[in-house]
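Coordinate-derived values only; no laboratory data. Owing to the predicted nature of the structure, the values given are computational and were not obtained by experimental measurement. With ideal geometry, Cβ positions are generated from the backbone for all residues, glycine too; neighbour counts draw on all protein chains shown.
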Amino acid sequence: MNVLLIIIIALLFPGLINIIRSLLSGRKGPGLLQPLKDMIRLFRKGSVYSNTTGFIFRIAPTISFAAIISASLVLPIGPWKALISFDGDFVFFIYMLGLGRFMAIVAAMDTGSSFEGMGASREAHYGMLAEPAFLILFGSLVLFTGHYSFADIFTTMRNGTGFAYGIGFMAAFLIFLFTLVETSRLPVDDPRTHLELTMVHEVMILDNSGFDLGLILLSNALKFAVFGTVIADFFLFEASAWVAIAIFVGIQAGFAVLVGFVESFMARFRMTHNPQFILSLTSLAFLIFVGILLFLEK
Amino acid sequence: METILLTVFSFTLLFIGIANRLNTFIRMLALQGVLLFGITFLKLNEISWFNLTMILLETIIFKSIAIPWFLSYILHKNKIVRETEPFVSYFWSLIIITGFIILSYIISGYLGLDKNTKADFTVAFASLLTGIYIIITRKKIITHMMGYMILENGVFLLSLTIGAHQPMLVNMGILLDIFVSVLVLGLFLNRIGNTFEEMSIDNLSNLKD
Amino acid sequence: MLGLYFILALVVAALIFLVRKRFVAYASLIVFLAAQTLINIYAFIHLGERELEYFRFDHAGLIFLSILTLLSYYTVYYSFIYLKRNQDNPFRTSIYCAVLIMLIASVTGVYLSEHAGLLWVFVEATTLCVSLLIYHERNALSLEATWKYVFICSIGIALAFVGIIFLGMAVQTNGVYDLSFSSISAQAATANPFWMKMVFLFILVGFSTKMGLFPLQTIKVDALTVAPSPVGAFISTALMNAGFVALYRFYHALSAADIVEWMNNLLMWTGMLSVMIAAVYMMFAGNLKRLGAYSGLEHVGLVAIGLSAGGPVLYAVFLHLILHSLVKSGLFYHLGTVFHHFRTYKINSIKDYFGKAPGAALIFLMLLLFLGGIPPSGIFVSEFLIFKGLFNAGHIWEMALLLVLLTFIIFAFTRNALNIVFSEEKARVETYGKIKYYELLPIILLLIAVVWLGYFPPHAFSVFLSQCIM
């Protein structure tokens, strides 16, 4: 049930962001299902592989897609438990996402193009700076709640004190910024430009085509949905199925709208500022950690 | 409530570490003044209302209004260029300031304080270290003054922890603030602006052997 | 009585500031000197008592107060000479005189203060006064020195304030909120030692700006380079003593806690580093005033090392400070004469002093040699006692290193002194003003006092000094 919800949201999500962006620029924008139609069109085409690529280039998009799907298996949503749940599954989560990123980097380097190599190195750099944020954040949540898996963490946080809700808000804010970094959105990377100076993610997928490109687009959309689920989990409470679904969809929609707003109103950071911005996420995570430590010294 | 104010205060410290423009600095100082006003109000409920009002007025008027206004006036009058010029890049500043916060937390562990005081001490001591760090790593004189203001905010926050029983100390801290600001900002920054073309410490290196 | 004294100081200073006539300024200065002498005598009469609840006339404060009174006489005398020679406009003269009065009153407050917070307020007041005095000549160089002085002193003062807050926090745990030194001593034994260590660290760093000790010593050197000579004499002696008294009060109060060894280690480190820096810079000093300033750095380093050795060495430390005050102030007063004669402070530009003015040259030579600690200077006695104390306490390596460093320092002194006094003229060196006898005679008195107090101290003086160690 969880995975179904996530996939549905993933198919509709990027469309919502595009609509918001267009509306804010005064245009009418493509329809809500446009990205879905793009993906279906791409799935029907065949892929073209260049001579300089090896087998990694062929298997990478599939592996990253699989990684995202398996990462989404450990997430609970409201009343539904996660499909797989064990102690330390948040580490599994972030490492699956890391695996996806790693395959993308390696595939980009496999093409032998220095242009894509540049994108790969930037992606690696940002990933290195951003991942500690997530781990420290969830580590402090583990410290706070005393449980080691997503399901238990969220359950405890939902029933907690006012401080828990405050932490929940800050964590949601941090995850929001983290999403912007992970999915290469503004203000870290502009998905619309194709200028060498400013590309990070787009440049890595220049050589992909057809089915692979469709898979990559779907993976990106899934990443959004997965992070949206994590944010929504901070606020969902035990309720009947339909209410839970409604709140979940609402939070995801709000998430998409917010991303659209941020994209429309902020310019991309100067390239040298990006590492600072991403590092500041880690610093914020440290702050939350120290805050929780202070709170726990009873 | 107090914890939230303290957390936002540490956010401002981090933000100052990566601030590029001088105007951002000044706005962060004003924000810190407002946060300190809130924290003071929450902490010093036990002293006489007259003392409390005096301290509150001094805090809000001085830290949030007078000093930022005066700093922007000097920026304007001396036509100082907008950028802060650091010796250390912003990236490392961020790491180092985060390190300061963690260091303050570790030090507060040795001191055997109770829970509320520990949070205050951590943020205040981190502010102290950040202020000194900013003074050391920037070239412009005006950013030295701003770093000093951050130092002062840290000292003020420290003095609030015992302010409930000794309001005299809090008043002395504010006296220091006013004295330094009036003397330094009012008299000397103007003179330096008039005497030297550019207000950076490259011009102030003539006294040596 | 003490309250009257402070009010009088304020009133007289305001009077000078508002009525900007030279005659009024000079007359008010003399009135203030009379008040200073009176308060000194009053303090001796009421030895050991508390006054106004926050002040105490104890031995250490009193001995330095007497030195301060003597120095204020000399400073005012030489200020008259300086102001007359410089022909400044009345506004600047009145500011000079008014601020000088406030400075002397603040330093008195520092010596006599019993409450930690009040001590801090008076030290802050001295910063304000000194910065206005340094800025007297109003050129770019003095602006730079004044800015650095004000800014770094403010940082130091803020750090010292943090130390006082920590102190308040530490003693608060016992439910006592009094910050006077006697109550701190009583509480220190039961407080958390880590707290006390932090307190002392911050106080040391904060007051090192005033004393001119290692962490923040550069501002004092810069300040002495640009200040007018009588003010420089006052800064390098009375203000340094004030910083020392402040530090000593905290040291003594905190020694009831179990951290004496840590404090001594810290003091030893800062003292050794100060002497090292002084030795290095003195070899390359090009300016007479900077030479004097670095010598001050060396002496205060010696004082810190002596303080760290503890025990009977404290007698030598106090004696050293007193003698140093006399000689150093004499040097700076005389530097005003040198400037008047040669119009420069650069060592390379001053030659054949002996040929131009034999009496003054001899005095200059004696001053520099006495500062270096060569007999018959009394400083030789106090340094010898400090070394003896170090040997007894077991710090052999430090003593050896110190002796080597002092050799360098004495070398720097004598080389510069002999170059100035006895060298042949390479080029014709211009001389400007004529040196009068009345600027030299008081310094001779100072030199005689140094020899007398070092070698034939009156019995009452020795007894009084040994009671300072409490």
Inset, instruction - Would you kindly derive the ³J(HN,Hα) couplings of segment C:97-105 from the backbone phi angles with the Karplus curve 6.51 cos²θ - 1.76 cosθ + 1.60 (θ = phi - 60°), listing them in order in whole Hz, with x for Gly and Pro? - result: 5, 4, 5, 4, 4, 4, 5, 5, 5
Legend entry - Under Karplus coefficients 6.51, -1.76 and 1.60, residue-wise ³J(HN,Hα) of segment C:216-226 in Hz, glycine/proline x: 10, 8, 5, 5, 5, 4, 5, 4, 5, 6, 9
Inset, instruction - Collect residues whose amide H, placed 1.01 Å from N in the peptide plane, falls under 5 Å from the amide H of B:K140; neighbours closer than 5 in sequence don't count. - result: B:E85
Inset, instruction - Could you line up C:E430, C:E424 from fewest to most neighbouring Cβ atoms inside 10 Å? - result: C:E424, C:E430
Inset, instruction - Calculate how steeply helix C:140-172 sits against the longest principal axis of the alpha-carbon atoms of chain C, using the helix alpha-carbon long axis, and give the answer as 0 to 90 degrees to the nearest 10. - result: 10 degrees
Legend entry - Cα-based helix-to-principal-axis angle, A:55-72 vs chain A, degrees rounded to 10: 20 degrees
Legend entry - Under 5 Å, built H, 5+ apart or other chain: amide partners of C:S180: C:A116
Legend entry - Cross-link table B:K79/C:K148; A:K81/B:K118; B:K77/C:K21; B:K118/B:K139; B:K63/B:K118; A:K223/B:K115, entries beyond 31 Å C-alpha to C-alpha: A:K81/B:K118; B:K77/C:K21; B:K118/B:K139; A:K223/B:K115
Legend entry - HN-Hα J in Hz across segment C:333-339 - Karplus 6.51, -1.76, 1.60, θ = phi - 60°, x for Gly and Pro: 4, 5, 4, x, 5, 4, 5
Inset, instruction - Treating the angle as unsigned and between 0 and 90°, give the value, to the nearest 10°, between the Cα long axis of helix A:241-265 and the longest Cα principal axis of chain A. - result: 60 degrees
Legend entry - Distance histogram for chain A (every C-alpha pair counted, 5 angstrom bins, percent rounded to whole numbers): 1, 5, 11, 16, 18, 18, 14, 9, 5, 2, 1, 0, 0
Legend entry - Neighbouring partner chain Cβ atoms per residue of B:107-113, average, 10 Å criterion: 4
Legend entry - Gap separating the Cα centres of segment C:394-470 and segment C:61-132, nearest whole Å: 24 Å
Legend entry - Ascending count of other beta-carbon atoms within 10 Å, so fewest first, for A:R270, C:R56: A:R270, C:R56
Legend entry - Global form of segment B:2-195, assessed from the alpha-carbon gyration tensor, a/c cut-off 1.5: oblate
Inset, instruction - Sum up the charges of everything whose Cβ sits under 13 Å from the Cβ of B:M28, counting Lys and Arg as +1 and Asp and Glu as -1, but leave B:M28 out. - result: +3
Inset, instruction - Taking the Cβ of C:I219 as the centre, find all other residues whose Cβ is under 12 Å away and add up their charges (Lys, Arg: +1; Asp, Glu: -1). - result: +1
Legend entry - Shielding of B:132-141 by partner chains, average beta-carbon count, 10 Å: 1
Legend entry - Exposed GluC sites (Glu not before Pro) absent - longest run of chain B, DSSP non-H/G/I/E/B, at most 10 other C-beta within 10 Å: B:47-196
Legend entry - Sites matching trypsin sites (Lys or Arg not before Pro) across segment C:398-470 that sit in DSSP coil, with at most 14 neighbouring C-beta atoms within 10 Å: C:K426, C:R428, C:K434, C:K436
Inset, instruction - Using a cut-off of 15 Å between beta-carbons, work out the net charge of the residues near A:G54 (Lys and Arg +1, Asp and Glu -1, A:G54 not included). - result: -3
Legend entry - Placed amide H near C:F55: partners under 5 Å, 5+ positions off or other chain: C:E114
Legend entry - Mean projection area, nm², convex hull over Cα of segment A:78-227: 9.8 nm²
Inset, instruction - Take the Cα gyration tensor of chain C, multiply each eigenvalue by 5, square-root it, and list the three semi-axes largest first, rounded to whole angstrom. - result: 34, 27, 20
Inset, instruction - Stick to the Cα atoms of segment B:88-127, pair each with every other, and give me the Kirkwood hydrodynamic radius in Å at one decimal. - result: 10.5 Å
Inset, instruction - Determine the shape class of the protein assembly as shown: with a ≥ b ≥ c the square roots of the Cα gyration tensor eigenvalues, call it rounded for a/c under 1.5, and otherwise prolate if a/b is greater than b/c, oblate otherwise. - result: prolate
Legend entry - Computed [θ] at 222 nm, helices only, for chain C once each DSSP H run of length n ≥ 4 contributes -39500 (n - 2.57): -26000 deg cm²/dmol
Inset, instruction - Starting with the fewest neighbours, write out A:W242, B:W69 ranked by other beta-carbon atoms found within 10 Å of each beta-carbon. - result: A:W242, B:W69
Legend entry - Mean ellipticity per residue at 222 nm, deg cm²/dmol - from DSSP H runs of n ≥ 4 across chain B, formula -39500 (n - 2.57): -22500 deg cm²/dmol
Legend entry - Cβ-Cβ FRET estimate between B:E2 and C:D178, R0 fixed at 22 Å, reported to 0.05: 0.20
Legend entry - Partners for C:K356 among lysines (Cα-Cα distance below 26 Å; same-chain residues under 8 apart left out): C:K84, C:K289, C:K328, C:K346, C:K426, C:K434, C:K436
